[in-house]
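The values are calculated or read from the model by the stated rules, or taken from the named source; none is laboratory data. No experiment lies behind these values; they were computed from the predicted model shown. When we count neighbours, we look across all protein chains shown, and the Cβ atoms used for this are built from the backbone with ideal geometry, even at glycine. What goes into the accessible areas is simple: the full protein's heavy atoms, side chains included, and nothing from ligands, DNA or RNA. Shrake-Rupley method; radii C 1.70, N 1.55, O 1.52, S 1.80 Å.
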Amino acid sequence: MISTTQRGFVYLLHPTPELWTLCLPHRTQILYIADISFISTYLDMKPGSTVIESGTGSGSFSHSIARTIAPTGKLYTFEYHAERTAAAAKEFEEHGLSDIITIQQRDVCKDGFGMENVANAVFLDLPAPWEAIASAKASFLKHRTGKICTFSPCIEQVARSVEALNENGFVDITMYECLVRSHDVTPIKKIDFADAIKAARQRQQHGKKRPLEDGEENEKVSEAELTETISTMLVSKTPQETRGHTSYLTFATFLPAIENNLEPSAADNLMETVAVDKDVPTNEEKETSN
């Protein structure tokens, strides 16, 4: 966009969750892109998913979730702090996300989520996530597998969360730590002194190349020969120190019980079939045989 004075211009960028993460007002510590992308992938978020989040905080992750599950998905996000809840609700409304995001002030560690059989995935960013795991389990859809993630800065929190996940029957419990490492790619010259000296002497003897005459074409050069003539190559290097720890990400899987996937009639038929296949004699048959 050109300025009114015609002396400069401004770039107008389409708003995205990534830009919002970089410029949002910080009411709490937030999740950044590395953790956000990793969590979204492992929780198998996609359009139409129903996700539960606690706590909302500054709303960084909420915006990314909303984009991932749109247009038919639903995010239920919980925040125990009244002022942060009001501020986040206003931002969701201003950003056109109120039809996807429902925010509620609630202390889920004490009062639970108050939801059952609705969620595909649950994300817990809480000081004591282990206190909300039992309620999170009740919120999962009973006929489908679900994914849960806890975001904890201390390993002691991870240990207690893993213990609670085990007690509540979750499986495939795994902890990850995201560390961002940049790779600097730079071109460097290939140095072979013997070939360099030989090539320099040949250039001195032959001088400059003669111009092509009419009808004369360049000689075709093979890929191998072309590679040999390239005087530079690309190399990458990483910094000696890797800094970037934010928190530990603990994932687990909710598996519905087998009986929850069977209708009562189907379960009864299955039991009857097994009984018939075993050919167990009844009491009357035993008396007759005697």
I'm trying to understand the selection: among the residues of segment 119-152, which are open to solvent by less than 60 Å² (accessible area, probe 1.4 Å) and of a type in the set (Ser, Thr, Tyr)? Ser135, Ser139, Thr150, Ser152
Here are the criteria: (1) without any contact (Cβ under 8 Å) to a residue 60 or more places away in the chain; (2) touching a strand residue (DSSP E or B) at 6+ places or on another chain (Cβ under 7 Å); (3) assigned to a loop (DSSP other than H, G, I, E, B); (4) surrounded by fewer than 19 Cβ atoms within 10 Å (Cβ to Cβ). Tell me which single one Glu116 does not satisfy. (2)
Checking Ala86 against (1) within 25 Å of Arg144 (Cβ to Cβ); (2) assigned to a helix (DSSP H, G or I); (3) more than 14 Å from the chain's Cα centre (by Cα), the condition it does not meet: (1)
Going through segment 7-38 in order, the residues found to be within 14 Å of Gly59 (Cβ to Cβ), open to solvent by less than 70 Å² (accessible area, probe 1.4 Å) and more than 20 Å from the chain's Cα centre (by Cα) are Leu24, Pro25, Arg27, Thr28
From the list Thr4, Thr85, Thr41, which one is farther than 24 Å from Thr250 by Cα and open to solvent by 60 Å² or more (accessible area, probe 1.4 Å)? Thr4
Going residue by residue through segment 62-81, is there one that turns out to be closer than 22 Å to Cys178 by Cα and exposed (fewer than 12 other Cβ atoms within 10 Å of the Cβ)? no
Any idea which of Ile52, Ile69 is more than 21 Å from Pro129 (Cα to Cα) and touching a residue at least 24 places away in the same chain (Cβ under 8 Å)? Ile69
Hits in segment 29-45 (condition: in contact (Cβ under 8 Å) with a residue 24 or more places away in the chain and touching a helix residue (DSSP H, G or I) at 6+ places or on another chain (Cβ under 7 Å)): Ile30, Leu31, Tyr32, Ile36, Ser40, Met45
May I ask you to list the residues in segment 88-108 that are out of contact with any Phe, Trp or Tyr (no Cβ under 7 Å at 6 or more places or on another chain) and buried (at least 18 other Cβ atoms within 10 Å of the Cβ)? Ala88, Ala89, Glu91, Phe92, Leu97, Ile100
Filter pass, Thr21 being closer than 30 Å to Pro153 by Cβ, part of a loop (DSSP other than H, G, I, E, B) and touching a residue at least 24 places away in the same chain (Cβ under 8 Å): no
